[in-house]
Amino acid sequence: MKTLSLVLSVLISAGSFAFADTRSYCDDIERLDQLQHLTSDQFKNFFIDGTKIDRIIISKDRKKLYTLRDDVVLKSYDVAFGSVPYGPKQFEGDHKTPEGVYTIDSKNPESAYYLGLHIDYPNKADRAYAKSKGRSPGGDIMIHGFPNDAAKNAMVSAVHPFYNWTTGCIALTNLEIQQLYTMTKKGTKVEICKMKEPPSQPVPPETPQPPEDVEQ
């Protein structure tokens, strides 16, 4: 209980400084480095307490997902994106991960991939842009774990998180998505920060091509 009280005091203290700056963290990703970060012991008590996060920040440049509560960084995870990570998702089949501000609109415990937090892509602007080009914007974008199929799981395990193996989703390990799934409620804000420069991403030698996920 003493450690849990310390966690809560850290949250309140850090939150008191957060209201002065209302910019998206994607406008200045280095702001995240200046925030309070929980230690592993503090996070453990926060997680056991069952308190939910209020924001997810995803950096394509850093290949990181950050969980926040009252502008305190609770924990970060290494992630994989769509196989074409540069640029925002615009059309069905472009293998890109969306960029911008979205929301977790549902939770799927029975996805083909271990657990799933569904993101509300496409939004109104996404649909309008795709329609103006005579295309479908696609959809079914999730933050999820590894494939439930054993063979596909083994292939993904060999390349994650170094290789961007999804068709547009954001992927974590099963243990990591289990933590995130528990901490996240419907309506949680998700900021996905754009990649500044196209990456070079060679496939590791003699590594089988990982399976695509269910994104369209």
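Roll a 1.4 angstrom probe over the protein heavy atoms and tell me the percent of accessible area of region 27-74 that is carbon or sulfur.
40 percent
Tell me, what is the per residue accessible area of region 88-198 in Å², probe radius 1.4 Å?
On a per-residue basis, region 88-198 sits at 46 Å².
Which whole-Hz couplings ³J(HN,Hα) result when phi for each residue of region 163-178 is put into the Karplus expression 6.51 cos²θ - 1.76 cosθ + 1.60, θ = phi - 60°, listed in order with x for Gly and Pro?
9, 7, 9, 8, 9, x, 7, 10, 10, 10, 6, 4, 5, 5, 5, 4
Which order do Tyr86, Tyr181 take by accessible area at a 1.4 Å probe, largest first?
Of Tyr86, Tyr181, the descending order of accessible area is Tyr86, Tyr181.
At 1.4 Å probe size, put Glu92, Glu110 in order of accessible surface, largest to smallest.
Largest to smallest exposure gives the sequence Glu110, Glu92.
Would you mind checking the pairs Lys63/Lys194; Lys133/Lys194; Lys52/Lys107; Lys63/Lys131; Lys75/Lys124; Lys107/Lys152 and listing those with alpha carbons more than 20 angstrom apart?
Listed pairs above 20 Å: Lys133/Lys194; Lys63/Lys131; Lys75/Lys124; Lys107/Lys152.
With θ taken as phi - 60° and the coefficients 6.51, -1.76 and 1.60, list the Karplus ³J(HN,Hα) couplings across region 107-119 in order, rounded to whole Hz; mark glycine and proline as x.
Rounded to whole hertz, the list is 10, 10, x, 10, 5, 5, 10, 4, 6, x, 9, 7, 9.
Assign unit charges at the C-beta atoms only (+1 for Lys and Arg, -1 for Asp and Glu), then state the dipole size of region 22-126 relative to its Cα centre in Debye, rounded to the nearest 20.
140 debye
Rolling a 1.4 Å sphere over the protein heavy atoms, what is the accessible area per residue of region 21-73, to the nearest Å²?
Accessible area per residue, region 21-73: 49 Å².
The values are calculated or read from the model by the stated rules, or taken from the named source; none is laboratory data. Remember, it's a predicted structure, so these values are computed and weren't measured experimentally. All Cβ positions, even for glycine, are placed from backbone atoms using ideal geometry, and neighbour counts span all protein chains on display. Areas reflect the complete protein model, heavy atoms only, side chains present, ligands, DNA and RNA absent. Shrake-Rupley method; radii C 1.70, N 1.55, O 1.52, S 1.80 Å.
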